[in-house]
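Just below is one structure, and these are the notes that go with it.
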């Protein structure tokens, strides 16, 4: 039998480490691992999962394969691999906590990679930035859609995929303006699989909130032409919004409804909803779900997630203020329901979800901004569930010395890993 102390310590080292350890189930080995970490286990590197998985092959197992790919990449960089072996039946209870999640985090500390995804220009795309990423693990691939910005300040989107995060920097990028209907301004995408319709949705802004559907997100040329969620901009947005109007649209669903969250760069977070059976039609008149008298403290890039095993939701909103010296960071809140009141979790620059104050870089930080991003989810469906045992966040950052106008800033993408 494992002592509770050893179990707890190994679990904090990560579920994959725990699973590796259980395959070498002698107490002496386990105690040594609790002290030394996973590096003493001889393991093999995973490739990220089968390439023939479909949306109905099981969300949880697909997500587990995705986490294995990510951990294998990190382990490879430090000279070790990762073992995907399942624990024995006798130790099944050790993975129960994994299935239930690790509760609501109370503090956040992160380690950061350098920039791992940069814009790729070609003969017809002179790009200065890649930003606003959305990411899912599907069909053995990490799939990323993101905004791109050209040298003239023009926005569009790009798609890339890879099996292992060590390949992210060299993965080819498909420019979405090659897809029929995607010319002009389209940006800030969100990707998810809508289970009731067995369709993938790409939600993005084209001015108003728009969406496209596809049977396969790995084929970016197959998305349907952009369609609007609303016939016109709601009066409440025109009355309260800033100069940009509505921005950064985010969909999440529970068992009954789908909710659309968005911002206005003027201190307001809005929410609209529709019955899940009516989606994508039927969104009602938005309401202001939250507001701040200092507009930049409730600015844009909202993310909302279901936290596995907690019965609670996590809201993230990008901010900047005098305490951050204008640097971008994320504040956080929790709620019991998607239409409920939000309670502050970590929401100041010094104690945030993520800011330069709680992110550790190797060497000189490549960015002091932790800006628009998305969590690596536990699955890829409309519930947007995350595993608080294993939090990773793809974010945008930029060279601290960059002084260009906002639409020409050299944004790049990096990856945060929660360390506490």
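Structure values in brief
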quantity	calculated
Prolate/oblate/rounded label for the range 319-375 (Cα gyration tensor, a/c 1.5)	prolate
Residues residue 222 and residue 325, FRET efficiency given R0 of 56 Å [Cβ-Cβ distance, rounded to 0.05]	0.80
Global geometry of the range 222-344, whether rounded, prolate or oblate, following the gyration tensor of its Cα atoms and the 1.5 cut on a/c	oblate
Separation between Cα centres of the range 310-354 and the range 119-142, rounded to whole Å	27 Å
Order of 366, 250 - criterion: other Cβ atoms within 10 Å of each residue's Cβ, fewest first	366, 250
The range 253-297 and the range 380-420: distance between their alpha carbon centers, rounded to Å	22 Å
Shape call, the range 110-418: gyration tensor on alpha carbons, a/c limit 1.5	rounded
Within the range 269-420, percent of DSSP bridges classed antiparallel, to nearest 5	95 percent
Stretch gain in nm, segment residue 419-residue 284, where the contour uses 0.36 nm per residue and the Cα spacing is subtracted	44.6 nm
Most to least packed among 180-188, 406-414 [average Cβ atoms within 10 Å]	406-414, 180-188
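None of the figures in this text is laboratory data; all of them are computed from the coordinates on show. Treat the numbers as computed from the prediction; the structure is a model and nothing was measured. We place every Cβ from the backbone using ideal geometry, glycine too, and count neighbours over all the protein chains shown.
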